[in-house]
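The structure appears below as structure tokens.
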Amino acid sequence: MEDIVIHLKKLKLQNINFLTMPLNEQLIIKRGRSKPDLDLKQTDVGVIRRFNRKWYETYPWLTGSPSMNKIFCLVCVIYGGEISWSQDGISVIKNFVNKAEKHQCSKRHIKNMECFVMLGKSPIIRGKEKLAAVVAEKQREEEMKKRELISKILDIILFLIRRQNNYGKFQMNILVPLQLLIRKYAKDDSIFQETFEGMQTQLISCMETVLLDSIIKEINETDFCSLQTDEVPNDPGTYSVIVRYTHNGIIQERFVGFSRIQTTLDLAAIINRIIGDARKLVCITCDGSISMNPVRQGIKRIIPRIIFLHNYMHKLNTILLQGLQNFEECRFFTNRVTFICDFFRDPKRNDMLKKEGVILPSRRETLWMFNSKAVIVIKMNHAIISKIVNDIIENQSCLDLEVQHAASTVRRYLKDYHFVLLFCLFNKVFLYANHLSKIIHTKIDQHVDNCIQEIAQTVKNISNFKTDIVIKHWVDEAKALLKVESIPATTIQEFKKTAFLIIDSVIEQIEERFRDTKFLKFVEILDGSRFISYKSKFPKLIFQELVKNWPDLFHSHRLENELSMIYGDSLKRFNPYQLFSYLYDNDLTELYIETYKLVRLYLTYPLIPIDPEESCSTLTKVRNYLNSTNGRKQAKSDILFIENYFNITNAISSFKQKVIDNFHFQC
């Protein structure tokens, strides 16, 4: 074959397992090792190293991919092995011989090579044909027992995972029943020699591999997808990664794992591993993590057409406060807010607040809301909280020195001029941000121009805070909260300097976050409430802008005709999600092929929930999982706990069979 590696990768994308292929097709692949001349060269200390064709003779397992211009191990591509030899390929030829020698000595390669050599052959044992038949029969019986046992264990795992997903709770000890089950069966069965923990880990690994492969397969079958990244609290640089796309008439948001993202190359590697064809990626959404700013800019240079949007799950106040953590004053501020919230998490102290009608955010809310909600609550109830803290300090019966010290610290914070002034500032900023967030979440799918105008107005309103009049207003407000006659002039001057920096940063964040909103104007074409007016006057300007932004995507003449037909049909006055469902459910996707493509593009953007009737988004499930596990991620099991794939009954049987095949091959 001209490029055996590409051929095998295509088979995998088509979900064709080499082990289940007819023997004659396996043998064709076995004999089809491609040995092209590769354009690989490297200059090192004045010496030019080039690819050497003699390596094909030295290493009978070596193959080359002219399309990728890389070297691979054919047997590891077929049976699985080191990623560098089986998936990524070798492009650096420095010390190649050492690398090749080391690889061919590995246990996995030796096992793969034996399978490859014995493919199409029957083992020959001289004078022991009858014994070989007996051994083979015994092996078949043991294999059947092993598959039956694994199937039972998988049923238990799937039951436990489904139960947790249904209740929305994730218990750290979910695998304890599994371990007991494995011990019960495996201890009494000689077919399993490995340790219980090793078997458990291997099963979970196989399940995750099969599930992730199924997600990647679906992504390969769709035209568009978007990427959602959110930083994990208390673990800077680690992000949850969710891919959104449409598949078989359903909007999907699939969690694909937690990843370290610190550079553009890190994000590019995720795109390459999960999505493959970067042209499918139409949108990325990020939270307010400041470390993602250079990464976003780098990806934009690599994929110019990509846009960055505000996710329907992101709270703007949270995003803005998170994006201010590069300012030391803001870090101190949020740390103090966290300290106050933690102080009142004690049940007795929390009851004291509740009796006064004050409810501080729970630990779960504080973790993910980044204290933006707590800022508003504490500012509004400053006097009540201060009184409760004073009562605790003056309580003669309280002999707990730690409580007394913590209460004194809270009182000191609540009396700090700068701290209270920042409360006044953020309370005002959040007022406008809340209004903008409400407009965006309710109108972005219908009135994009209104949203753009509201964004500009919000920026203007917040810019107007940079005046002495507003600063004086905040100072007066702080004096009223603190019940003092004056605040030192030096404190006011320092606050003014900090406030102006914060306001500038907030404005910059809002402008950057909503910069690409202008590319969403085309969604008004799909606003069902306007179809009657569009029937008499086609929205030419918006349509032309759509075609201009996506010059190679749509057949413009056909799309215009399809939309005109829909506008004129009173039975099709749907919103985009309803139109998407209607076209798919009634087998009209080919007839309205361009419209269906347009609707899928829109629904790929994370502007609305994947299902109007679904209350729990994938990001919410990720947050629930991390909250329930106190942020401790479980290697090789996160995706199993978070994904709801196992509630799809008709997918279970196929999933189990693939896991058993995968587990059997690794044993």
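Packing-based ranking of 315-321, 252-258 yields 315-321, 252-258, ordered from highest to lowest mean Cβ neighbour count within 10 Å.
When you filter the trypsin sites (Lys or Arg not before Pro) in the range 522-564 for DSSP loop state and at most 16 other Cβ atoms inside 10 Å of their Cβ, you are left with LYS537.
Which of the peptides 36-46, 296-306 is most tightly packed, and how do the rest follow, judged by the mean count of other Cβ atoms within 10 Å per residue? Please report the intermediate quantities before stating the final value.
On the way: 36-46: 11.4, 296-306: 14.1.
Ranked from most to least packed, the peptides come out as 296-306, 36-46.
Using per-residue counts of other Cβ atoms within 10 Å, averaged over each peptide, order 403-409, 270-276 from highest down. Write down the numbers at each step before the final one.
Values: 403-409: 15.9, 270-276: 18.0.
Listed from highest to lowest mean packing, they are 270-276, 403-409.
Kirkwood's formula applied to the C-alpha pairs of the range 325-513 gives a hydrodynamic radius of 18.1 angstrom.
Enter the per residue convex hull volume of the range 399-445, computed from alpha-carbon coordinates, in Å³ rounded to the nearest integer.
Details: hull volume 4.2 nm³, N = 47.
Roughly 89 Å³ of hull volume per residue.
A convex hull fitted around the alpha carbon atoms of the range 462-612 yields 177 Å³ per residue.
Give the average over all directions of the projected area of the C-alpha convex hull of the range 232-374, one decimal, in nm².
Mean orientational projected area (the range 232-374, Cα hull): 10.9 nm².
If you plug the beta carbon distance of HIS435 and GLU512 into 1/(1 + (r/R0)^6) with R0 = 30 Å, you get a FRET efficiency near 0.95. Between GLU101 and ALA456, the modelled labels are 7.0 nm apart [label points 7 Å from Cα along Cα→Cβ].
Suppose R0 equals 51 Å. What FRET efficiency, 1/(1 + (r/R0)^6) with r the Cβ-Cβ distance, do HIS7 and GLN578 give to the nearest 0.05?
On the way: r = 42 Å, r/R0 = 0.83.
Here the calculated transfer efficiency is 0.75.
If I stretch the segment between ASP44 and ILE250 completely, what's the gain in nm (0.36 nm per residue apart, minus their alpha carbon distance), one decimal? Using 0.36 nm per residue and subtracting the Cα-Cα distance, I get 68.9 nm.
For a Förster distance of 30 Å, can you work out the FRET efficiency between the beta-carbons of GLU221 and LYS35, rounded to the nearest 0.05? Calculated transfer efficiency: 0.40.
Please give the contour-minus-distance gain from ILE302 to CYS115: 0.36 nm per residue of separation, less the Cα-Cα distance, rounded to one decimal in nm. List each step's numbers first, then the result.
On the way: separation 187, 0.36 × 187 = 67.32 nm, distance 4.14 nm.
Answer, rounded to one decimal: 63.2 nm.
Note on MET565 and LEU591: their simple-model spin labels are 0.7 nm apart, each label 7 Å out from Cα toward Cβ. Tell me which lysines have Cα within less than 28 Å of LYS497's Cα, excluding those fewer than 8 residues away on the same chain? Once the sequence-local lysines are set aside, what remains near LYS497 is LYS315, LYS373, LYS379, LYS415, LYS428, LYS460, LYS466, LYS472, LYS479, LYS483. Once you divide the Cα radius of gyration of the range 519-604 by 2.2 N^0.38 Å, the number left is 0.98.
When Rg and Dmax are taken over the Cα atoms of the range 4-118, they come to 14.4, 51 Å. A straight chain from ASP342 to ALA269 at 0.36 nm per residue would run longer than the Cα-Cα distance by 22.4 nm.
All of the numbers you see were taken from the coordinates with simple rules; none came from a lab. Quantities reported herein were computed from a predicted structural model and do not represent experimental measurements. No Cβ is skipped: glycine too gets one built from the backbone with ideal geometry, and neighbour counts run over all protein chains shown.
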